[in-house]
Each structure stands twice: as structure tokens, then as C-alpha cells.
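To start, the structure under review is shown below, and the notes come after it.
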Amino acid sequence: MAERKVITDAQFRARICKALREVWQGTTRADFIRDIRRTNRGHTSYRFIVRCVDCDEEFGQSERRYGVKVDGSRTKKMKLAYQVDHVNGIHPLKTLDDLSQHAEDLFHGKQQILCLECHNKKTFKK
Ligand SMILES: [Zn+2]
């Protein structure tokens, strides 16, 4: 008989976090982008444009770029040029008691568009 797999508390919470993020991406995050994007009337190949609230730079909705690491070097892979940031952060999931506040912040917290650079700045300021 196969040995029963035991996962740690931290692994369990990480899985819940990941699952919740996936739901968020398909619901609240997708709705938010659909609401704030605007139709691109310019010359680029992107149909929709979003704008970083901090630096005002504009990106195609599906535009991908290289990220910038803390040391200033470039990431290996390209990723989406912007992130949907939670303005007031998300309550960390340290125990299962944090779950409802964590989900509340994730799904109902105020969101904004930040480019990768501005998002990094915000993250490392904390
Ligand atoms: Zn920016």
C-alpha cells in the first residue's frame, strides 16, 4: 500500500492561496481590467490599452516585457508588462483563521494597474 502523503500546514495554505488567486484572475481581476481598459486608437497591434497609475506609461492588455530584478538585471522570461495591484494589500494567510479576511481583500479590495517597475518599487518599500 502506498504511503499516505502528509502536507505541512504551510504547504496547505500555499495551495489555498494559489487556488484563490486563480479564481481571482478569472473573476474580479478580469472584470477590473475589462472595466478600466480603453480601446486602442493608436498604431500598435494591441486592441486594448491599460495605464500604470504611478508613471502613466501605457501597455497593451496582453503586452509582455522582460521584468527587472531587484539588482537591476533583466528577468530570463518575459511576463505581462503590468500587474493588477491591491492598493491596500492583502491580509496574509498565516493561519486558517486569516482565510476570510484574506479572501475579502483579494476579491473585494481596491485594485489598480501598476507596471512591473512601479509594482517593484511599491513592493520593496513595504
Ligand atoms: Zn509605472
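The values are calculated or read from the model by the stated rules, or taken from the named source; none is laboratory data. The structure displayed is predicted, hence computed values, not measured ones. Here the Cβ positions follow ideal geometry from the backbone for every residue, glycine too, while neighbour counts run over all protein chains shown.
Among the residues of segment 33-84 satisfying the criterion of being farther than 20 Å from Arg21 by Cβ and among the acidic types (Asp, Glu), which is farthest from the ligand (Cβ to nearest atom)?
Asp71
Would you check which residues across segment 88-104 are in a helix (DSSP H, G or I) and either free of Cβ contacts under 8 Å to residues at least 24 places away in the same chain or of a type in the set (A, V, I, L, M) (or both) and list them?
Leu96, Asp97, Asp98, Leu99, Ser100, Gln101, Ala103, Glu104
Collect the residues in segment 76-87 that are surrounded by 11 or more Cβ atoms within 10 Å (Cβ to Cβ) and either part of a loop (DSSP other than H, G, I, E, B) or free of Cβ contacts under 8 Å to residues at least 40 places away in the same chain (or both), keeping them in residue-number order.
Met78, Lys79, Leu80, Ala81, Tyr82, Gln83, Asp85, His86, Val87
Just to be sure, is His91 at negative phi, surrounded by 12 or more Cβ atoms within 10 Å (Cβ to Cβ) and of a type outside the set (A, V, I, L, M, F, W, C)?
Answer is yes for this residue.
Test Thr123 against the criterion of being of a type in the set (S, T, N, Q), surrounded by 11 or more Cβ atoms within 10 Å (Cβ to Cβ), modelled with pLDDT under 95 and more than 16 Å from the chain's Cα centre (by Cα), and give yes or no.
Taking the combined requirement at face value, the residue does not satisfy it.
Could you tell me whether segment 101-112 includes any residue that is within 16 Å of the ligand (Cβ to nearest atom), at negative phi and within 15 Å of the chain's Cα centre (by Cα)?
yes
Return the residues of segment 26-72 that are hydrophobic (A, V, I, L, M, F, W, C) and in a loop (DSSP other than H, G, I, E, B); say none if nothing qualifies.
Cys52, Val53, Cys55, Val70
What do you reckon, is Cys17 at pLDDT 95 or above, part of a loop (DSSP other than H, G, I, E, B), on the phi < 0 side of the Ramachandran plot and of a type outside the set (Gly, Ala, Ser)?
The answer is no for Cys17.
Restricting segment 101-118 to residues that are touching a strand residue (DSSP E or B) at 6+ places or on another chain (Cβ under 9 Å) and either of a type in the set (Phe, Trp, Tyr) or closer than 17 Å to Ser73 by Cβ (or both), which is surrounded by the fewest Cβ atoms within 10 Å (Cβ to Cβ)?
If we take residues in segment 101-118 being touching a strand residue (DSSP E or B) at 6+ places or on another chain (Cβ under 9 Å) and either of a type in the set (Phe, Trp, Tyr) or closer than 17 Å to Ser73 by Cβ (or both), then Glu117 is surrounded by the fewest Cβ atoms within 10 Å (Cβ to Cβ).
Is it the case that some residue within segment 67-75 is closer than 25 Å to Phe12 by Cα, touching a residue at least 12 places away in the same chain (Cβ under 8 Å) and surrounded by fewer than 12 Cβ atoms within 10 Å (Cβ to Cβ)?
no
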